[in-house]
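Inspection log for the structure reproduced underneath, given as structure tokens.
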């Protein structure tokens with residue numbers, strides 16, 4: 001358990017009056033990223049600007065047993081965040097959490113009650129792309145999603161994130177409470193628009209007047225978030241305990257780099273996050289596209305090709321000169337031309353990303369980045385591919401990326417070992433893989449996932465030919481040699 005008295009000298013502690021904090025933000029998804037990003041920014045505000053904005057943290061994933069929330073409660077709602085660089089460590093204890101709830105222990109009803117407290121002005125989320133129950137290819141609500149089907153049948157006992165948010169909005173409206181803003185902090189282009197879509201479209205299925213109220217009174221600011229945060233493993237926790245002088249089961253490690261770009265569109269106020277390093281802007285989309293395509297897009301390329309080649313971490317990929325060159329070439333030659341970002345030095349941005357990937361203190365596993373591929377491909381690669389197809393320009397590495405994803409979800413690596421596929425469409429993927437022969441037939445089968453590839457890409461002959469070509473190369477030459485041939 002975390003003990004403030006045992007922490008190393010120089011640890012930043014929450015010396016502000018925690019009792020003065022008000023529970024003004026309800027956040028869904030108490031994962032490593034939130035603990036190292038938004039919560040830290042809000043903690044800096046409390047420490048340096050006397051902000052009174054505090055969090056109620058909520059876990060609603062049915063598969064989550066609430067172990068983190070229970071551990072957090074046992075250590076007075078405190079946890080440590082350690083920034084790791086090759087030059088050393090910097091630890092901060094975060095104290096802005098006022099309450100912590102989880103589905104299986106406290107129930108959805110108590111979570112909705114927390115959202116209906118008068119002080120609540122913002123509901124935020126880091127639940128990954130799959131938590132929004134949307135179609136990645138269109139950004140629309142997936143009415144066939146099991147949780148959405150449940151919420152349509154039992155709207156007063158919601159199961160999904162959109163359903164829970166909608167239930168709270170409905171109750172606040174009935175109580176005459178002011179509206180809150182709903183802020184997604186997940187890696188989706190125009191994540192505010194996606195969140196608005198799923199909530200409004202679910203409301204339309206239940207009550208048109210409620211849907212109209214949401215359109216008129218609730219705001220959904222978009223955000224762009226950036227910080228490399230590896231998943232905590234048992235080995236990472238053991239190493240962290242040695243550095244802290246005590247255990248912290250809620251502790252998190254991350255890189256020093258931090259970026260948070262926020263659309264300034266809050267209906268009932270917000271913290272002054274700009275005083276703690278965030279950027280408040282009128283339009284987040286150019287920043288989102290830049291990050292999703294250059295950073296996340298290259299991360300995914302390295303993840304699939306790296307995992308297939310036996311590279312466990314992104315920093316291991318950076319030790320391979322061909323992989324390093326492939327990542328930088330993808331960023332500048334195939335992704336940068338597609339961007340609408342203005343007045344940004346994209347070469348310098350690419351170089352800064354490569355430097356961050358080379359940070360050996362951060363053990364960012366290729367397998368972690370490779371999860372949930374069906375939710376990530378549209379915004380990281382496929383929209384860029386459409387841009388190139390429309391202009392007749394080169395998309396070699398993007399096609400190689402799609403082929404490497406297909407090779408990965410085949411479920412067997414280059415050494416013949418089983419790959420456990422962690423993806424919301426894993427059953428569909430397994431069916432398509434098992435019912436198709438290796439080679440072009442496998443590619444055609446996976447391209448039939450219209451929720452991922454849309455109606456246009458599967459019918460584009462050039463796209464199909466390129467992906468088939470590189471898929472075959474991966475089968476015959478392997479990932480390392482294929483990258484060497486493409487880049488060399």
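The values are calculated or read from the model by the stated rules, or taken from the named source; none is laboratory data. Computed from a prediction, not measured in an experiment: that's the story for all the values here. Glycine gets a Cβ as well: all are built from the backbone with ideal geometry, and neighbour counts include every protein chain shown.
General observations
- Of residues in region 32-60 being assigned to a loop (DSSP other than H, G, I, E, B) and in contact with a helix residue (DSSP H, G or I) (Cβ under 7 Å, 6 or more places away or on another chain), the one nearest to residue 20 (Cα to Cα): 52
- Residue check: residue 95 meets all listed conditions (1) under 23 Å from the mean Cα position of the chain (by Cα); (2) surrounded by 20 or more Cβ atoms within 10 Å (Cβ to Cβ) but one, namely (1).
- Of the residues making up region 100-117, those that are out of contact with any strand residue (DSSP E or B) (no Cβ under 7 Å at 6 or more places or on another chain) and without any contact (Cβ under 8 Å) to a residue 60 or more places away in the chain are 104, 105, 106, 107, 108, 109, 112, 113.
- Any hit, region 203-224, residues being within 30 Å of residue 86 (Cβ to Cβ), surrounded by 19 or more Cβ atoms within 10 Å (Cβ to Cβ) and in the same structural domain as residue 26 (by TED's automatic domain parsing): yes
- If you go through region 90-119 and keep only what is in a loop (DSSP other than H, G, I, E, B) and touching a helix residue (DSSP H, G or I) at 6+ places or on another chain (Cβ under 6 Å), you end up with 95, 96, 116.
- Residue identified as out of contact with any strand residue (DSSP E or B) (no Cβ under 8 Å at 6 or more places or on another chain) and under 20 Å from residue 454 (Cβ atoms) among 351, 372, 394: 372
- Residue match in region 464-485 (condition: within 26 Å of residue 145 (Cβ to Cβ) and part of a helix (DSSP H, G or I)): no
Residue-by-condition table, conditions (1) surrounded by fewer than 23 Cβ atoms within 10 Å (Cβ to Cβ); (2) under 24 Å from residue 110 (Cα atoms); (3) touching a residue at least 24 places away in the same chain (Cβ under 8 Å); (4) not assigned by TED's automatic domain parsing to the domain that holds residue 184:
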| site | (1), (2), (3), (4) |
| --- | --- |
| 8 | yes, no, yes, no |
| 11 | yes, no, yes, no |
| 17 | yes, no, no, no |
| 21 | yes, yes, yes, no |
| 24 | no, yes, yes, no |
| 31 | yes, yes, yes, no |
| 43 | no, no, yes, no |
| 49 | yes, no, yes, no |
| 52 | yes, yes, yes, no |
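- Cβ-Cβ under 8 Å pairs, at least 6 apart or on other chains, region 466-484 side in the same structural domain as residue 406 (by TED's automatic domain parsing), far side part of a helix (DSSP H, G or I) and surrounded by fewer than 17 Cβ atoms within 10 Å (Cβ to Cβ): 468/440; 471/440; 472/440; 473/485; 477/485
- Near pairs, Cβ below 7 angstrom, 6+ apart or cross-chain, from region 403-421 (on the phi > 0 side of the Ramachandran plot) to any residue that is surrounded by fewer than 22 Cβ atoms within 10 Å (Cβ to Cβ) and in a helix (DSSP H, G or I): 411/433
- Scanning region 189-206 for residues that are at pLDDT 95 or above and farther than 30 Å from residue 340 by Cα yields 202, 203, 204, 205.
- For residue 14, the stated conditions hold: it is assigned to a loop (DSSP other than H, G, I, E, B) and touching a strand residue (DSSP E or B) at 6+ places or on another chain (Cβ under 7 Å).
- Annotation: of all residues in region 63-89 being assigned to a helix (DSSP H, G or I) and in contact with a strand residue (DSSP E or B) (Cβ under 8 Å, 6 or more places away or on another chain), the one that is farthest from residue 41 (Cα to Cα) is 70.
- Test: residue 2 is part of a loop (DSSP other than H, G, I, E, B) and out of contact with any helix residue (DSSP H, G or I) (no Cβ under 6 Å at 6 or more places or on another chain): yes
- Verdict on residue 399 being surrounded by fewer than 20 Cβ atoms within 10 Å (Cβ to Cβ), in a helix (DSSP H, G or I) and in contact (Cβ under 8 Å) with a residue 12 or more places away in the chain: no
- Number of residues in region 360-396 that are part of a loop (DSSP other than H, G, I, E, B), touching a residue at least 60 places away in the same chain (Cβ under 8 Å) and within 17 Å of residue 409 (Cα to Cα) equals 1.
- A single member of 339, 389 is assigned by TED's automatic domain parsing to the domain that holds residue 302 and under 22 Å from residue 447 (Cα atoms), and it is 389.
- All positions within region 25-60 that are over 23 Å from the mean Cα position of the chain (by Cα) and within 25 Å of residue 103 (Cα to Cα): 53
- Count of residues meeting criterion [in contact (Cβ under 8 Å) with a residue 40 or more places away in the chain and crowded, with 22+ Cβ neighbours inside 10 Å] in region 187-202: 8
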